[in-house]
Amino acid sequence: MKTIYALHENPDWFPPFARAFEQEGVEVVEWVLTDGVLDLDGVPPEGIFWSRISASAHTRGHGLSKDYARAVLSWLEASGRRTVNGRRVLELEMSKVDQLTALRAAGIDTPRTVAAIGRQRIVEAAATFEAPFILKHNQGGKGLGVRKFDSHAELADYVASPDFEDPQDGITLVQEFLQAAGPFITRVELVGGRFIYAIKADTARGGFQLCPADACAIDPVTGRPVMPPGATIAPEPGQQLFSRREGFDSPIIAAYSDFARRNHLEVCGIEFIETVDGRVVTYDVNTNTNYNAVVEAGAPLSAPRELVRYLARLADPDRQPAPA
């Protein structure tokens, strides 16, 4: 069996995957891309290289990880090594513009969006939107830079204020505000093109920060649940923001599977909103998807274990999965 390497930058997100590898009896080598030395004349080891580098790495002090990952994945793929969520997918993770243009090319409905390159162009970019509308960072996760504005004057005051949050890549998106039919969004989880399950995320308590990993939910300083931007109800200790959407069966699953295949996305979570006017609008593609422990506990399939099984089949096509 070829060695499986997990390329990542956040050890706090890895324990559920480490347990899944252990349960499946599969060894994994963690390659933490925070700093290092890369010999371009060297020969990469044989193996399967699974990348889960996040666009929010800079929020953890790991801003170098993104370009380090670009270099490593280019080196691996130029040497003929098998990558999972490889170099092209990394660029999809790093840019919501990239995600939205790819989704639209696949015929999937997305929010109307204008990209402002540079802080001084944001008010101009928003001029053709009726309020309310939202801003978000092109590069990021965890709801980075997402704010709702009820007027253009409110936006102008924010952009001119010291509270303005500069996006990591200098690109701010102005986007139509979607009025959901219910206070939740849906996230569809796919592994190897296979639908695993769909989850509902409570937007009343979760706001715009809808990372399902346990590490995202608690403030490391206070130990209390995070009050995310956009939330209208404060979350309480022990309260769950995520649940499995049982019996979910929608044409969007086939559309997402086709989108993932076209874009070499082997592991992903794709998010959509069902609006009051009947649209199903896709707004985010997560290529380093995390899974929620409570959802996992009641799901018929374990997403981390299905992922490990998928990687193990790539490493050894004849291997049989461990009993559930």
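Brief remarks on what is shown
- Yes/no for G63 being in contact (Cβ under 8 Å) with a residue 40 or more places away in the chain and closer than 24 Å to H264 by Cα: no
- Of the residues screened, V43 is not one that is closer than 25 Å to G170 by Cα, more than 16 Å from the chain's Cα centre (by Cα), aliphatic (A, V, I, L, M) and outside the structural domain of H137 (by TED's automatic domain parsing).
- The requirement of being under 21 Å from V191 (Cβ atoms), of a type outside the set (V, I, T) and surrounded by 14 or more Cβ atoms within 10 Å (Cβ to Cβ) is fulfilled nowhere in the stretch 32-45; no residue meets it.
- For the stretch 249-271, filtering for residues that are loosely packed, with under 15 Cβ neighbours inside 10 Å and closer than 23 Å to F14 by Cα leaves 1.
- Residue check for K148: under 12 Å from K96 (Cα atoms) and either of a type in the set (K, R) or at pLDDT 95 or above (or both): no
- Residue satisfying condition, being within 18 Å of D109 (Cβ to Cβ), out of contact with any Phe, Trp or Tyr (no Cβ under 7 Å at 6 or more places or on another chain) and surrounded by fewer than 20 Cβ atoms within 10 Å (Cβ to Cβ), within set E274, E246: E274
- All conditions but one from (1) modelled with pLDDT of 95 or more; (2) within 23 Å of N138 (Cα to Cα); (3) surrounded by 15 or more Cβ atoms within 10 Å (Cβ to Cβ) apply to T289; the one that does not is (1).
- Counting only residues that are outside any helix (DSSP H, G or I) and either touching a residue at least 40 places away in the same chain (Cβ under 8 Å) or under 21 Å from D109 (Cα atoms) (or both), the stretch 277-324 holds 24 of them.
- Residue selected from the stretch 1-19 under the condition out of contact with any Ser or Thr (no Cβ under 7 Å at 6 or more places or on another chain) and of a type in the set (A, V, I, L, M, F, W, C), by the criterion surrounded by the most Cβ atoms within 10 Å (Cβ to Cβ): F17
- Matching residues, the stretch 66-95, being buried (at least 22 other Cβ atoms within 10 Å of the Cβ) and without any contact (Cβ under 8 Å) to a residue 24 or more places away in the chain: none
Residues checked against (1) of a type outside the set (S, T, Y); (2) at pLDDT 95 or above:
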| position | (1), (2) |
| --- | --- |
| F14 | yes, yes |
| F21 | yes, yes |
| L33 | yes, yes |
| L40 | yes, yes |
| P45 | yes, yes |
| S51 | no, yes |
| H58 | yes, no |
| S65 | no, yes |
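The values are calculated or read from the model by the stated rules, or taken from the named source; none is laboratory data. Only a predicted model underlies this, so the values are computations on that prediction, with no experimental measurement involved. All Cβ positions, glycine included, derive from the backbone under ideal geometry; neighbour counts span all protein chains shown.
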